[in-house]
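Beneath this line is the structure, given in structure tokens, with notes to follow.
The values are calculated or read from the model by the stated rules, or taken from the named source; none is laboratory data. Quantities reported herein were computed from a predicted structural model and do not represent experimental measurements. Using ideal geometry, Cβ is built from the backbone for each residue, glycine included, and neighbour counts are taken over all protein chains shown.
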Amino acid sequence: MRMKLLLAAVALAVLPTAVMLAQQDLSTHFLRHTWQAHQTNPALFPEYEMVIGLPGVYNSLRVENLTYNTLFVEDGNGNRMLNVDQAILDMEDRNVIRENLDIETLSLGARFGPLGLSLSHTFRFSAFMDYPKTLPQLIWQGNAQFIGQEIEFAPDIDVLSYQEFAIGALIELGDAVVIGGRAKLLSGVGSVNSSRSQLRLRTDDEIYQLRLDADYQVNSASALTYDGFDDIQTNFDFSTFSAEDLFTGNTGFAFDLGAHVKLGKLELAASVLDIGGIDWDEEVNNYSLKGTYEYEGLDFAQRIFDDSTSFGSVLDTLEQIYEVQESAEGFRTTIPTRFYLSATLRLRDNWTVGGLIFNEWYRGNTYPAAAISTNLEVLPFLNVGGIYSWRSNRFDNFGINATLKAGPLQLFAATDNILTVFRPKDSNSSHIRLGLNLLFAPRESKMADSGPKWF
């Protein structure tokens, strides 16, 4: 027995955001000579009296257990063919798709003796889906393989976009210690979030006897409109963004805390970022599916599984059976909380090495990572670096970065996974950060010669 149409319809209802443009940003933390390192720790500040951060972009995508070459395979004639069955074989029991996109518009930092102040604005978009292998199995291969079993196939999704307005401060305590903090006003633009994620399907041994136990809810704010299985619309279009979206009725707050200690040529840094979330109260819709649905009999089966039946009529039938409950109750989403702990050692005046432990807390799970990095000032105006990291249980993450300075203008580019450039069809992740800064009035660090002389 096959259920492609049934599961495809459910997927349309609960996965409108599955076509997502997140992995952790590790390189930026080591670029201490850039203003962007301040984003990973509010106690870090480049050695200048004033900094202006011009527009920049950060984008990171990770699709676990799936690459182009596992989804499209070559036939005997060298043509690429879609092979979903092979791709499913390569999946784990749980699989995650994540993306983070930050559009940095403008920021400002200034030093006043031991005190530093900062202002910034960023547009953020993040997408997350954690889905079981059984979901693509049901949609593509049907449920015959699960006869006599009960399986869970619900995905967990969280997609949101928001404006971030931040104000920060740091202060030097003596010559070796800096502490900093940052407060953020979050103005929500749109959200699609699954607050309950249970869909269980039981296929009995006798043909055409199915039971679906459902407790699934999708919350939406200014992002999703449902008028039936055949009329689901999403609104995550950056091209339609306007100044009216700067401040909305969906607001929240978040906080960053950081510390930086310099002991001679050894630097230690620790920070925790994005402690907070957004309350969604404006243009809110909730769609829930709750209860037990049982299907028996040849008449129903013929309407759902008959290949000659049009997809539109199947949707009409499903809409009569599934009682999707609609409401308009506000909800809250927490943003991923990140933790950085690092040590950097200056081997020479122009050469540093460092190590980093990273963790992220998000939707009840932790996502750890670790990295080692090196950075070399090749010329007074050119800085290059490399990074090797472990993340998502993979050890094949090699990154590079470069910074070019001309007068007050600083241009930099960084990636945590350069292998994607050379082998894009075998990679399941991509990562890039591009930025421009204006740096004014170099300052002598009071911390430069502090601490014990170990080297």
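Condition check ((1) aromatic (Phe, Trp, Tyr); (2) within 17 Å of LEU101 (Cα to Cα); (3) surrounded by fewer than 21 Cβ atoms within 10 Å (Cβ to Cβ); (4) touching a Gly at 6+ places or on another chain (Cβ under 8 Å)) across all residues:
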{"residue": "ALA154", "(1), (2), (3), (4)": "no, no, no, no"}
{"residue": "ILE157", "(1), (2), (3), (4)": "no, yes, no, no"}
{"residue": "LEU160", "(1), (2), (3), (4)": "no, yes, no, yes"}
{"residue": "LEU170", "(1), (2), (3), (4)": "no, no, no, yes"}
{"residue": "ILE179", "(1), (2), (3), (4)": "no, no, yes, yes"}
{"residue": "LYS184", "(1), (2), (3), (4)": "no, no, no, yes"}
{"residue": "VAL192", "(1), (2), (3), (4)": "no, yes, no, no"}
{"residue": "GLN198", "(1), (2), (3), (4)": "no, no, yes, no"}
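The set of residues from the range 123-152 being of a type in the set (A, V, I, L, M, F, W, C) and either in a strand (DSSP E or B) or surrounded by fewer than 18 Cβ atoms within 10 Å (Cβ to Cβ) (or both) comprises PHE123, PHE125, ALA127, PHE128, MET129, TRP140, ALA144, ILE147, ILE151.
Of the strands (runs of 3 or more DSSP E) that lie entirely inside the range 39-82, those containing 2 or more residues that are farther than 30 Å from MET129 by Cα span 48-53.
Of everything in the range 136-189 that is of a type in the set (Phe, Trp, Tyr) and farther than 24 Å from HIS121 by Cα, the residue that is nearest to the chain's Cα centre (by Cα) is PHE153.
Being of a type in the set (A, V, I, L, M, F, W, C) and more than 26 Å from VAL261 (Cα to Cα) holds for only one residue in LEU376, LEU434, and it is LEU434. Would you confirm, using the coordinates I've provided, whether LEU5 is modelled with pLDDT under 85 and touching a helix residue (DSSP H, G or I) at 6+ places or on another chain (Cβ under 7 Å)? Against the criterion (modelled with pLDDT under 85 and touching a helix residue (DSSP H, G or I) at 6+ places or on another chain (Cβ under 7 Å)), LEU5 qualifies.
Taking into account only those residues within the range 83-97 that are assigned to a helix (DSSP H, G or I) and either farther than 13 Å from ASN69 by Cβ or of a type in the set (Ser, Thr, Tyr) (or both), which is farthest from the chain's Cα centre (by Cα)? Across the range 83-97, the extreme among qualifying residues is ASP85. The number of residues in the range 318-345 being of a type in the set (A, V, I, L, M, F, W, C), surrounded by 14 or more Cβ atoms within 10 Å (Cβ to Cβ) and within 24 Å of GLY188 (Cα to Cα) comes to 3.
Output the number of the condition that GLN24 fails; it satisfies all remaining conditions of (1) crowded, with 23+ Cβ neighbours inside 10 Å; (2) at pLDDT 85 or above. Every listed condition holds for GLN24 apart from (2).
Residues that are β-branched (Val, Ile, Thr), within 30 Å of ASP205 (Cβ to Cβ) and modelled with pLDDT under 95 occur in the range 141-160; there is at least one.
One residue stands out among those in the range 272-281 that are farther than 11 Å from THR337 by Cβ, touching a strand residue (DSSP E or B) at 6+ places or on another chain (Cβ under 6 Å) and not aliphatic (A, V, I, L, M): the one that is surrounded by the fewest Cβ atoms within 10 Å (Cβ to Cβ), which is ASP279. Looking at the structure I just gave you, is LEU419 within 17 Å of ARG32 (Cα to Cα) and either surrounded by fewer than 20 Cβ atoms within 10 Å (Cβ to Cβ) or among the aliphatic types (A, V, I, L, M) (or both)? No: the conditions fail for LEU419. Scanning the range 346-386 for residues that are touching an Asp or Glu at 6+ places or on another chain (Cβ under 6 Å) and crowded, with 18+ Cβ neighbours inside 10 Å yields TYR367, ASN383.
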